[in-house]
Amino acid sequence: MLTHQRPVSEVLDMVRRAALEGMREALADHLEQARQAGFSLSPLEPQVSFVGDLRAEVLRQPGGEQAYAEALAQQPESPLEAARHMTEFLVSRCEIQGPHAAIGLAGLHYPHTHLSQHGARGERVRRAAEAVAARQSPSLSVRQYFAGISDMSFLGAAPAGTREAEDTLAAHHAAPLPVFLDSEPDVLGVPAINIGPWGRDYHQRLERVHMRYACEELPGIVWELLAELLGPQESEQLLHGPGLDSAP
């Protein structure tokens with residue numbers, strides 16, 4: 001499911017439709033297996049709720065605001081565990097019966113970022129990256145998107161554009177605390193690209209990199225990109241610092 005450049009509301013609707021389809025298929029398989037075993041079961045229609053709607057329902061309940069505040073105060077420090085904790089709390093308070101899926105946003109939010117969001121600065125970085133890749137071809141090429149999560153999101157995220165987009169993000173996050181969500185004033189807006197390294201199983205127990213590429217080839221590529229962006233003289237000053245060559 002590709003979600004780049006899609007607004008939060010559209011992504012949530014895509015997930016909702018996928019969840020409904022998956023549950024309907026699973027329930028149909030369950031009914032068929034029961035039939036083959038000689039049992040007769042009544043078909044059930046699955047339900048899908050957005051976390052934001054469940055939260056609104058809880059807050060309307062008598063004592064709901066206090067219970068919600070207490071649940072927030074007790075949530076774990078891990079963003080994924082916090083999202084699970086709050087989702088389970090909301091579902092249990094709403095007393096939902098039957099096949100049900102709660103759809104929302106979990107974990108640390110990694111905003112969408114792309115060089116096209118940064119005008120002339122982004123275009124300059126794009127041209128420099130393409131020039132370096134052309135000289136390193138075919139071993140190096142430019143991809144428009146990184147198929148994972150990256151700290152580029154925190155450097156390169158542009159303003160959301162509308163208050164509605166930011167409100168939608170906060171409304172449907174399972175644990176909408178400032179530590180997990182960047183607000184508009186926190187956006188840095190620096191054009192960012194990802195260059196390597198080459199490896200496998202990042203953030204896992206067997207995470208590893210290709211040593212020769214990471215320690216020998218990759219630094220040269222980064223240096224070449226700096227020279228393309230800054231020019232030879234400025235990049236040399238960046239490496240050696242001002243006045244080092246003339247020091248006694």
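The values are calculated or read from the model by the stated rules, or taken from the named source; none is laboratory data. Everything numeric here is computed off the predicted structure, so don't read it as measured data. No Cβ is skipped: glycine too gets one built from the backbone with ideal geometry, and neighbour counts run over all protein chains shown.
For segment 51-82, give me the residue count where each residue is among the charged types (D, E, K, R) and surrounded by 13 or more Cβ atoms within 10 Å (Cβ to Cβ). Show your work before the answer.
In the first step, residues of segment 51-82 are kept if they are among the charged types (D, E, K, R); the result is 53, 55, 57, 60, 65, 70, 77, 81.
Still in the running and surrounded by 13 or more Cβ atoms within 10 Å (Cβ to Cβ): 53, 55, 57, 81.
The total comes to 4.
Just to confirm my filter: which helices (runs of 4 or more DSSP H) fall fully inside segment 112-192 and include at least 3 residues that are farther than 27 Å from LEU72 by Cα and at pLDDT 85 or above? Reasoning before the result, please.
Details: elements: 119-136, 152-156, 163-171.
Once the helices (runs of 4 or more DSSP H) in segment 112-192 are filtered for at least 3 residues that are farther than 27 Å from LEU72 by Cα and at pLDDT 85 or above, what remains is 119-136.
Answer yes or no as to whether ALA18 is in a helix (DSSP H, G or I), free of Cβ contacts under 8 Å to residues at least 24 places away in the same chain and more than 31 Å from the chain's Cα centre (by Cα). If you could, list the steps in order and put the result at the bottom.
Numbers: in a helix (DSSP H, G or I): yes; free of Cβ contacts under 8 Å to residues at least 24 places away in the same chain: yes; more than 31 Å from the chain's Cα centre (by Cα): no.
The answer is no for ALA18.
For every residue, the table says whether it meets (1) in contact with a helix residue (DSSP H, G or I) (Cβ under 9 Å, 6 or more places away or on another chain); (2) of a type in the set (Ser, Thr, Tyr); (3) modelled with pLDDT under 85.
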| position | (1), (2), (3) |
| --- | --- |
| ALA26 | no, no, no |
| ALA34 | no, no, no |
| LEU59 | yes, no, no |
| PRO62 | no, no, no |
| GLN66 | no, no, no |
| GLN74 | yes, no, no |
| LEU90 | yes, no, no |
| TYR110 | yes, yes, yes |
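Is it true that some residue in segment 84-98 is assigned to a loop (DSSP other than H, G, I, E, B), more than 25 Å from the chain's Cα centre (by Cα) and either more than 26 Å from GLN47 (Cβ to Cβ) or in contact (Cβ under 8 Å) with a residue 12 or more places away in the chain (or both)?
yes
In segment 119-140, how many are touching a Leu at 6+ places or on another chain (Cβ under 7 Å) and among the polar types (S, T, N, Q)?
0
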